[in-house]
1. Work out the FRET efficiency for Leu4 and Ser78 from their Cβ-Cβ distance, taking R0 = 41 Å, and round it to the nearest 0.05.
2. Could you tell me which residue out of Ile91, Val77, Leu101 lies farthest along the dipole of the range 76-129 toward its positive end? Charges go on the beta carbon: Lys and Arg +1, Asp and Glu -1, centred on the Cα centre.
3. Roughly how many debye, to the nearest 20, is the charge dipole of the range 85-143 about its Cα centre, given +1 on each Lys and Arg Cβ, -1 on each Asp and Glu Cβ, and no other charges?
4. From the backbone phi of the range 126-134, what are the Karplus-calculated ³J(HN,Hα) couplings (6.51 cos²θ - 1.76 cosθ + 1.60, θ = phi - 60°) in whole Hz, Gly and Pro given as x?
5. List the residues whose amide H sits under 5 Å from the amide H of Ser97, counting only those 5 or more places along or on another chain, with H placed 1.01 Å from N in the peptide plane.
6. Counting only Cα, what are the radius of gyration and maximum Cα-Cα distance Dmax of the range 85-143, in Å?
Amino acid sequence: MKPLCACGCGKRTSVVRGRSNDVKRGIVAGTYRKYASRECYYNNRLTRDTCKRGHPKIGRRCRLCNSAAIRVKKYGVSWEVALSMPDQCEICGDDESPLQLDHDHKTQKFRGWLCQNCNVILGHAEDDITILRFAIKYLKERA
């Protein structure tokens, strides 16, 4: 007997025939579809209020998981690192402003979580320690 649709509408699902779109999505021919129709699929996808990891979802996608997926792909960090942010900036300790991912521009490796101000400082100094030392010296002399 064919299984019921995952959305709960009561319709029976059909067997995947192996069309090109199904193959691209990784669905194996001969298995049963999860949803009875495209309408059931899209209705369930749009009305679900959490993503598969349990995060609240706004619109079609969970913004937290979407941002984490970009970080995982671009910077090679693990899902745990991409989804977990500390409460404050790792340089100045600011806990008010949103945190940004800091990375080495040469190797694209993740370094830590910084507020926008600290991240901009490192970016304008081009990650060069000597420029930052000269800036510290300048501030000590003029303060």
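1. Numbers: r = 37 Å, r/R0 = 0.89.
So, using R0 = 41 Å, E works out to roughly 0.65.
2. Among Ile91, Val77, Leu101, the one farthest towards the positive end of the dipole of the range 76-129 is Val77.
3. Values: 7 positive and 11 negative charges, 75 e Å.
Once rounded to the nearest 20, the dipole reads 360 debye.
4. Karplus values, whole Hz, x for Gly and Pro: 6, 6, 9, 5, 5, 4, 5, 5, 4.
5. Amide H neighbours of Ser97, under 5 Å, 5+ apart: none.
6. Reported Rg and Dmax, both Å: 12.6, 36.
None of the figures in this text is laboratory data; all of them are computed from the coordinates on show. A quick note: this is a predicted structure, and the numbers were derived from the prediction, not measured. Quick reminder, even Gly has a Cβ in these numbers, built from the backbone with ideal geometry, and neighbours come from all protein chains shown.
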